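To keep things clear, I will list the structure first and then write my remarks on it.
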There are 2 protein chains.
Amino acid sequence: MPCGEREVNPVSETFPKHSESARPTMIDVAKRAGVGLGTVSRVVNGGAGVRDETASRVRAAIDELGFQRNEVARALRPGKKSSSLALVLGDLTNPFYATIAKSSLEVAGQDGFAVVLGSVDEDPEGERRAIQELIGRQVAGLMIVPDQGDHSFLASAGIPVVFVDRPAHGIEADIVMVDNEGGGKLATDHLLQQGHVRIAILLAPSYYTTGRRLRGYRRACRAAGIEVDESLVVQLPEGTAEAAEKATRELMHRPDPPTALFASTNFLTEGVLRALREVDAEPAVVGFDDFRLADMLPTPVTVVASDIAELGRIAARLLLDRAAKTDTRPPQRIVLPCQLIQRGSGERPA
Amino acid sequence: MPCGEREVNPVSETFPKHSESARPTMIDVAKRAGVGLGTVSRVVNGGAGVRDETASRVRAAIDELGFQRNEVARALRPGKKSSSLALVLGDLTNPFYATIAKSSLEVAGQDGFAVVLGSVDEDPEGERRAIQELIGRQVAGLMIVPDQGDHSFLASAGIPVVFVDRPAHGIEADIVMVDNEGGGKLATDHLLQQGHVRIAILLAPSYYTTGRRLRGYRRACRAAGIEVDESLVVQLPEGTAEAAEKATRELMHRPDPPTALFASTNFLTEGVLRALREVDAEPAVVGFDDFRLADMLPTPVTVVASDIAELGRIAARLLLDRAAKTDTRPPQRIVLPCQLIQRGSGERPA
DNA sequence: CTCCTGGACGGTAACGTTTCCAAAGTTTAC
DNA sequence: GTAAACTTTGGAAACGTTACCGTCCAGGAG
């Protein structure tokens, strides 16, 4: 029960409200310091070619007036892009995306860049619109965790693009991702080693990553000389925990349930574990992507993990270098390794 | 062990790279459509006062050229702020912040606003710098989860500000928060009802919210006629799970350990639970703020929760209305209720 | 003493949009 | 048939910055 209704009160203290007073411009500073506009600009941009005495007079004026450069006007000049990057990704509530956002934000911030988050619907058309919006804001570069669909419209945007976690079709651009196929193989190999033969794999719909992880799974099975039972390859209608829970329940109620499950995303892993609570059998479980509290669950969860924060950092760094034209190499494809973290759930024998 | 070193390969496909070709401007559109510049602007902005026939000719030209309005130039005009909001908050890896980011992003997106995330260091000076940066980008409004310290410098920013989760000093602005004191009382009351008398409370350092939650705790104790043992009020040096874990371990190894713990943030709850794994005693635990998998832990975790997504939505809505001058009420103080979610850990008897 | 060189500085155009004003065209009213 | 009112349109100014081009002054070389 609620501990109170929503309250709405005017705040009582009487502090200055935000004033509409115009903020000072370089012209104001110039007048105040008794110098020309160009000189102020030079001081603000590093002060090369300005006498120390003049420069400090200008700086004094800046402090007195509380002047701050108008980034919008600055970005209007041709060639000058705004000092911000755009980041387009899915549900921030997913720790995977949140981690990318956080780490790329850090790197961008170090270079004085802000990060603009476009709101992302799930449909490709929404993504496209969001991206166009962002481009209109003259960002210096785009980091995109792309949805499926054609992204060739990005080629005409005139700004560098880095794809994160998955490649996109129709454009040649940098891509930073994890070794999905290797990770899928790693997880499956591990389960095979425990003697499992009937290993189910749960897949979120139509992501690129999904296909690669499945490929790793198949490769591991083939290498072990095991033929894949296609009824154990479960394509979910949604990438949610709920969908995985339902599918797992169905799997485990079959006459010939799998003895092990490979959940190909963190949310799917959660769903699998939820379903298994209500089931007598204790199949082995390996998840893809680590998640908070994985080690605290009744049976600590074995996962295949990679350094997601690094994913974001590399992407941001690469994009900044592209934007600054420091990096003029051909488009790169950077693949981060995965590693297996054994915690218990994946070590149950067949 | 890693399933492979980091690979770096040039991408092989040969798609168009991003071209540096200048994007078309309204002037190009005007020429193409054989109309004046002003007419194009009118069409782009809704088309009021333009003949249908002319408007469609302009729209045709826009489509042909792939014109997209330059938001930067637009924002340069006086009075016109850019159609973006700034969001300043802490660690996105904390689901609490991530949820706020997600929900405010959604609301802003509905109104065609982008959200700029300032990178936030933990120190107040870093926060101030980040905010100044954002203001320089001419955002239409600021949403801030404020650090302690004086925020009066915001009064001269000339844009509306909404504080989220905690108020700030030195400025009269809207604030959207949860009923921390009520939640603290709710949690403590619940533990008292189970017969607990020695209830420890763990507090993250110096947050505003911390103080209110403690106040609710004290109020509940006083109402129950119990004198608070001040050695059970634990001020942590850091708001991390690790700090809470260490403190809990120390608490439980005392000769007179508490029979219940109230962890005042989600990370602290995690730390508490980690420590309790290695302890024989099974004290009751209530956490503040719900978290993913709370119901999946060996003992499902009882929490006091509020609708964090709603927090973000309300803040964004309010800010948008302020920015549009649709809402000219005096600064509001909106307080969302908390509710108790009983899952087991909080129902252990004394 | 004059000329030249170079650093310091001031002024102005330009970026792409919105807004305002005036001109042109069209309808309505008398 | 003419004047008035209104609608549609074109053009120019302005937003705040940067980049470029001159000008000015000091100092060194001839």
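The values are calculated or read from the model by the stated rules, or taken from the named source; none is laboratory data. Predicted model only: the values in this text are computed from it and were never measured. Here the Cβ is made from the backbone with ideal geometry for all residues, glycine too, and neighbour counts use every protein chain on show.
Checked against the criterion of being within 14 Å of DNA strand C (Cβ to nearest atom), at pLDDT below 90 and either more than 12 Å from chain B (Cβ to nearest Cβ) or not in a helix (DSSP H, G or I) (or both), the candidates A:Gly46, A:Gly38 yield just one match: A:Gly46.
Taken together, the residues in region A:49-94 that are more than 12 Å from DNA strand C (Cβ to nearest atom), without any contact (Cβ under 8 Å) to a residue 12 or more places away in the chain and of a type in the set (Val, Ile, Thr) amount to 1. One residue stands out among those in region A:296-314 that are at the interface with another protein chain (Cβ under 10 Å from one of its Cβ atoms) and among the polar types (S, T, N, Q): the one that is farthest from A:Ser264 (Cα to Cα), which is A:Thr299.
For region A:62-86, residues that are part of a helix (DSSP H, G or I) and within 12 Å of DNA strand D (Cβ to nearest atom) total 8. Note on region B:94-202: enclosed helices (runs of 4 or more DSSP H) holding 3 or more residues that are assigned by TED's automatic domain parsing to the domain that holds B:Glu238 and either under 13 Å from the mean Cα position of the chain (by Cα) or buried (at least 21 other Cβ atoms within 10 Å of the Cβ) (or both) are B:180-193.
Please specify each residue of region A:24-34 satisfying the condition of being within 12 Å of DNA strand D (Cβ to nearest atom) and in contact with a helix residue (DSSP H, G or I) (Cβ under 7 Å, 6 or more places away or on another chain).
Scanning region A:24-34 gives A:Pro24, A:Met26, A:Ile27, A:Asp28, A:Val29, A:Ala30.
Looking only at region B:315-341, residues that are touching a Leu at 6+ places or on another chain (Cβ under 8 Å), within 10 Å of chain A (Cβ to nearest Cβ) and buried (at least 23 other Cβ atoms within 10 Å of the Cβ) come to 1 in all. Restricting attention to region B:309-350, the residues being within 27 Å of B:Glu106 (Cα to Cα), not small (Gly, Ala, Ser) and not in a strand (DSSP E or B) number 19. When the residues of region A:54-90 are filtered to those that are in contact with a Leu (Cβ under 7 Å, 6 or more places away or on another chain) and surrounded by fewer than 18 Cβ atoms within 10 Å (Cβ to Cβ), which remaining residue is nearest to B:Arg23 (Cα to Cα)? Only one residue tops the list, namely A:Leu76. Does B:Leu85 qualify as being over 23 Å from A:Phe96 (Cβ atoms) and out of contact with any helix residue (DSSP H, G or I) (no Cβ under 8 Å at 6 or more places or on another chain)? No: the conditions fail for B:Leu85.
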